[in-house]
Amino acid sequence: MIPYGKHYIDEEDIRAVVNVLRSGILTQGPIVDQFEREIAAYVGARYAVAVSSATAGLHLAALAAGVGPGSTLITSPITFIASANAGIYAGGNVAFADIDPQTINMSPASLKIALANNPNTKAVVPVHFAGLPCDMPALKLLADNTGAVIIEDAAHALGASYPNGGMVGSCQHSLMTVFSFHPVKAIAAGEGGMITTNDEAVYRKLLRLRSHGINKLDDALVLHSQATTDGEPNPWYYEMQELGFHYRITEMQCALALSQFKKLNQFITRRRTLAKRYDDLFSAFKNCRQAQAAGRNFSGHHLYVLRIDFNSIGLNRVGLIKKLKDNGIGSQVHYIPVPMQPYYRKLGFRQDDFIHSVSYYRDALSIPLFYDLTDAQQERIVTVLQDLVG
Ligand SMILES: Cc1ncc(COP(=O)(O)O)c(C=O)c1O
C-alpha cells in the first residue's frame, strides 16, 4: 500500500537516537538546545523553543499572545483541529475566517470580516496549508489595525519561504511561528514541535510555560526570603510564578529531528520535483485540478491535494477512495472544516458561514506525496487516476 504520506528514516537517524540512549542524558540536555539553535538559524529567527508537539506549541503561543477569557483566536476552517483548539485551551473563544478558494489559505477579505465581528481578538492563526505560505503582508496589516498578533501555524511549512525570499519561521510577519515534527511532516521527531519568535519577552514566557511555569534564565525571583539563606542563593531553589505545563521534548526526539533536519533540503527538493511532475501529468485531465492554483514554487509541498469533479466522473469520493485502495494507493481528506466538528457545531458555528471551505471539502482528495515515492509509483498512481477521473 502506498500511503498518502510518510516519513523517511535512514541508518544515520537510527545512530543519532542510539547515541543519545548511550549518552546518559535523555531530556533537557544539549541536543534539545542544539535543535533549537539550528532551527532558529535556518529560519532566521532570534529564538526557538522546542516542545512536545505543535499542538502544545499552539497552546503556549495562544497564552503568550494573551488569549484568555473574553478574547478570541481566529483561524482557518481548513486546518487540523489543533489550530482552533489552542484558543479554547487558553480559555478564549474561537472564530474562523474562510479560505481563499485559489490558495486554500485564510483569505484577507474574510479575516477583515471576522475581526470586525470579534472586536476582542488577541490572536490570528493563519495556516500555511500544505506548505503554501499565506498572504502574510495582507493578514498582518489587518491584524495590526486591530491590535491582534499573528501566530503562524507552519505545521506544514518547514522549509517554505515567502515571495520576498524570507523563510517561514523568521516571524517577519508574526509574533510567533509554530512547526510540527509529526512523522508525516517535513522532518520527523516521532512527535514534536517548535515555536520561533524574535521577541525576548515572549521567548522567556514560552520557556516558563513549557516547564510548569517555573522561572527560567535570569527571571527575577519574587520571594527572596525563600530563595536565600544568610544572603546566599539556595542551590535547590526554583519558583513557580504562573501556571505552566509540562510540554518538554526529549533528547531522543530532538536527535532524530536534528538528523532528519540535515536532509531537509533533499526532502523538499524531491517533494517539489514530484509535485511538479504531478502538475504536468494532471494538466491533461478533464475532471480534476490542483487545489492550490498558483504560488507553489516556494511551498513546503507537505500535501498534494486534487479537487475532483465528482459529478462528472460517475463515482463519489467514498467509491474513489475504495478503488484507489483496491489498487494499493492510499488517499486522505485534509481537512473536515473545523466548524463542522460536533464540538464546534455545539458552540454555534454553521457551515453556511464558510462557503469556500465547505465547497473545497466536498471535492478535495490528498494523494501520495512523500520523499521516497518513486517515479514508477507516481506513474502508477497517475495511470490509475487516469482511468478513474481522467
Ligand atoms: C495545520 C496543523 N496544525 C497543527 C497540527 C498539530 O501538530 P502536532 O501533531 O505536532 O501536534 C497539525 C498536525 O497534523 C497540523 O496539520
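The values are calculated or read from the model by the stated rules, or taken from the named source; none is laboratory data. None of the values given here were measured: they were computed from a predicted structure. Every residue, glycine among them, receives a Cβ derived from its backbone with ideal geometry; neighbour counts consider all protein chains shown. Note: areas computed on protein heavy atoms with side chains; ligands, DNA, RNA excluded. Shrake-Rupley method; radii C 1.70, N 1.55, O 1.52, S 1.80 Å.
Things to note:
- Contact annotation: no residue pair with Cβ atoms under 8 Å, 6 or more positions apart or on different chains, pairs a residue in the stretch 41-68 that is farther than 19 Å from Ala90 by Cα with a partner that is hydrophobic (A, V, I, L, M, F, W, C) and modelled with pLDDT under 95.
- When the stretch 187-207 is filtered for residues that are part of a loop (DSSP other than H, G, I, E, B) and open to solvent by 20 Å² or more (accessible area, probe 1.4 Å), the ones remaining, listed by number, are Gly190, Glu191, Asn198, Asp199.
- Verdict on Ala143 being assigned to a helix (DSSP H, G or I), more than 16 Å from the ligand (Cβ to nearest atom) and either closer than 24 Å to Arg289 by Cα or in contact with a strand residue (DSSP E or B) (Cβ under 6 Å, 6 or more places away or on another chain) (or both): yes
- For the stretch 111-137, the set of residues classified as open to solvent by 30 Å² or more (accessible area, probe 1.4 Å), in a helix (DSSP H, G or I) and touching a residue at least 24 places away in the same chain (Cβ under 8 Å) consists of Lys112, Pro137, listed by residue number.
- Listed conditions (1) open to solvent by 30 Å² or more (accessible area, probe 1.4 Å); (2) within 16 Å of the ligand (Cβ to nearest atom) are all met by Tyr304, apart from (1).
- Residue that is open to solvent by 30 Å² or more (accessible area, probe 1.4 Å), in a helix (DSSP H, G or I) and within 26 Å of Leu158 (Cα to Cα), where the choices are Arg289, Arg270: Arg270
- Condition check for Ile99: touching a Ser or Thr at 6+ places or on another chain (Cβ under 8 Å) and more than 14 Å from the ligand (Cβ to nearest atom): no
- Contact map, the stretch 226-251: first residue open to solvent by 100 Å² or more (accessible area, probe 1.4 Å), second residue of a type outside the set (Lys, Arg) and part of a strand (DSSP E or B), Cβ cut-off under 6 Å, separation 6 or more or different chains; pairs are Tyr238/Ile214; Met240/Ile214.
- The one condition in (1) within 16 Å of the ligand (Cβ to nearest atom); (2) in contact with a strand residue (DSSP E or B) (Cβ under 9 Å, 6 or more places away or on another chain); (3) of a type outside the set (Val, Ile, Thr); (4) over 21 Å from Gln172 (Cβ atoms) that Ala114 fails to fulfil: (1)
- Odd one out for Lys322 among (1) buried (at least 20 other Cβ atoms within 10 Å of the Cβ); (2) in a helix (DSSP H, G or I): (1)
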